[in-house]
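Structure first, then comments.
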Amino acid sequence: MSDVSAVKAALKSQVIETPSWGYGNSGTRFKVFAQPGVPRDPFEKLEDAAQVHAFTGVAPKVSLHIPWDKVEDYAALTRHAEARGLRIGAINSNVFQDDDYKLGSVTHPDPKVRRKATDHLLECVDIMDETGSPDLKLWFSDGTNYPGQDDITARQDRLAEALAEVYGRLADDQRMLLEYKLFEPAFYATDVPDWGTAYAHCLILGPKAQVVVDTGHHAPGTNIEFIVASLLRAGKLGAFDFNSRFYADDDLMAGAADPFQLFRIMHEVVRNGGLRPETNVNFMLDQCHNIEAKIPAVIRSVANVQEATAKALLVDMVALSAAQRTGDVLAANGALMDAYNTDVRPLLAEVREELGLARDPFAAYLDSGNQERIATARVGGEQAGWGA
């Protein structure tokens, strides 16, 4: 896309969904590091998300995590979001923190545990109805640690049964988004370990089931953009969970470890129509800011996704296609590299200025005084999420 006005229009219409848990205390399996000013309840999480949207202009949706964001009145929570220019995004289930789920949730050998897990997923659909959320996002820690621990095929059957029941509960305008993860905490056989497994289940379920690509949940060297292109081609890419990792599943800021990979992913998104509204790909962040301040880190992540998108939009598709047709390897690679090596920060600054925003959202937020205000105002209370 070489028309700068068209590039700007695409960037202005981009929507990036931020995670409620990205604003709270989080940490590794060893330690949760508390920070001043973190939200004490889901309402304050939405207030922080509103700050990100106010300074970036492209983050009006917020994912909720149940039970971390459980409240008595979801209508009130929805009104709270709308009053701050936000809307509720995906509802994320949690079937991995109870003691009952030590051997799995919907794939557990005990039907009573499976019933408990499935009922929780159905509860999440109820919350979707109450909040207007369009997406149910499912991630299962289910799996086995040792050969022979359980029947691999039987576990897939149990998974399929639970997914089918929940799928049948969805309204016509609601989706099921199935995430996969290579490992952890199941170190021998994870029940949904890769995009092929997720795709196979979604294909059987029907058009309302699609796959989530978490950019940090792959083996080293995996060609994630190939997965993205394949799912877009099949109409089964429902959402991203953008984050970075250096070794395994680190949930670091998007674009922090390998910005070139993020660009390559967004190039396939752009080339295969993934930015078009009718494709309905949800661009979500899934990050845990363990040592950095929360709101500035989310702003930085949003900006990183914007930069990768802008570079992808600047690829000279005419030149690229011509080089590909003639087998000109160097020219084809050069078309991508020219776009990637373009400094798009001035372009994005112009886009923000045209939207009535500060040219540098990160600096503008730090200058706003909000970080100091919430550190003073939010004293006491207990953060809802991650056990902190």
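The values are calculated or read from the model by the stated rules, or taken from the named source; none is laboratory data. In this text, all values refer to a predicted model and were calculated from it rather than measured experimentally. All Cβ positions, glycine included, derive from the backbone under ideal geometry; neighbour counts span all protein chains shown. Heavy atoms of the whole protein, side chains included, go into the accessibility calculation; ligands, DNA and RNA do not. Shrake-Rupley method; radii C 1.70, N 1.55, O 1.52, S 1.80 Å.
There is no residue in the stretch 288-296 that is open to solvent by 60 Å² or more (accessible area, probe 1.4 Å), touching a residue at least 24 places away in the same chain (Cβ under 8 Å) and assigned to a helix (DSSP H, G or I). Against the condition more than 30 Å from residue 41 (Cα to Cα), open to solvent by less than 50 Å² (accessible area, probe 1.4 Å) and β-branched (Val, Ile, Thr), how does residue 326 come out, does it pass? Here the answer is no, as residue 326 does not meet what is asked. Tell me which residues, restricted to the stretch 141-160, are in contact with a Ser or Thr (Cβ under 6 Å, 6 or more places away or on another chain) and within 14 Å of residue 201 (Cβ to Cβ). Result: 142, 155, 158, 159. The number of residues in the stretch 179-231 being hydroxyl-bearing (Ser, Thr, Tyr) and more than 16 Å from residue 106 (Cα to Cα) comes to 5. Applying the set (1) touching a residue at least 60 places away in the same chain (Cβ under 8 Å); (2) under 30 Å from residue 71 (Cβ atoms); (3) among the charged types (D, E, K, R) to residue 354 leaves exactly one unmet item: (2). The single condition among (1) under 19 Å from residue 211 (Cα atoms); (2) outside any loop (DSSP other than H, G, I, E, B); (3) open to solvent by 10 Å² or more (accessible area, probe 1.4 Å) that residue 141 does not satisfy is (2). Taking residues in the stretch 115-133 that are closer than 21 Å to residue 282 by Cβ, and partners anywhere that are open to solvent by 70 Å² or more (accessible area, probe 1.4 Å) and basic (Lys, Arg), the pairs with Cβ atoms closer than 8 Å and at least 6 places apart or on different chains are 125/169; 132/87.
Considering the conditions (1) open to solvent by less than 30 Å² (accessible area, probe 1.4 Å); (2) over 30 Å from residue 340 (Cα atoms), residue 111 is excluded by exactly one of them, (1). Among the candidates 45, 12, the residue that is in contact with a helix residue (DSSP H, G or I) (Cβ under 7 Å, 6 or more places away or on another chain), surrounded by fewer than 24 Cβ atoms within 10 Å (Cβ to Cβ) and not in a loop (DSSP other than H, G, I, E, B) is uniquely 12.
Against the test of being touching a Ser or Thr at 6+ places or on another chain (Cβ under 8 Å), surrounded by 18 or more Cβ atoms within 10 Å (Cβ to Cβ) and either assigned to a helix (DSSP H, G or I) or at pLDDT 95 or above (or both), the options 232, 163 yield a single qualifying residue, 232.
Would you call residue 349 in contact (Cβ under 8 Å) with a residue 40 or more places away in the chain, closer than 24 Å to residue 14 by Cα, within 29 Å of the chain's Cα centre (by Cα) and assigned to a helix (DSSP H, G or I)? Criteria not met by residue 349. Within the stretch 166-177, the only residue that satisfies the criterion of being without any contact (Cβ under 8 Å) to a residue 40 or more places away in the chain and either in a helix (DSSP H, G or I) or farther than 23 Å from residue 135 by Cβ (or both) is 168. Of the residues making up the stretch 235-287, just one is assigned to a helix (DSSP H, G or I), buried (at least 18 other Cβ atoms within 10 Å of the Cβ) and either touching a Lys or Arg at 6+ places or on another chain (Cβ under 7 Å) or polar (S, T, N, Q) (or both), namely 263.
Reported count of residues in the stretch 178-195, each being in a loop (DSSP other than H, G, I, E, B) and over 15 Å from the mean Cα position of the chain (by Cα), is 11.
Can residue 20 be described as without any contact (Cβ under 8 Å) to a residue 12 or more places away in the chain, under 30 Å from residue 272 (Cβ atoms) and either touching a helix residue (DSSP H, G or I) at 6+ places or on another chain (Cβ under 9 Å) or not aromatic (Phe, Trp, Tyr) (or both)? In short, no. All conditions in (1) within 17 Å of residue 281 (Cα to Cα); (2) surrounded by fewer than 17 Cβ atoms within 10 Å (Cβ to Cβ); (3) not charged (D, E, K, R) hold for residue 222, with the sole exception of (1).
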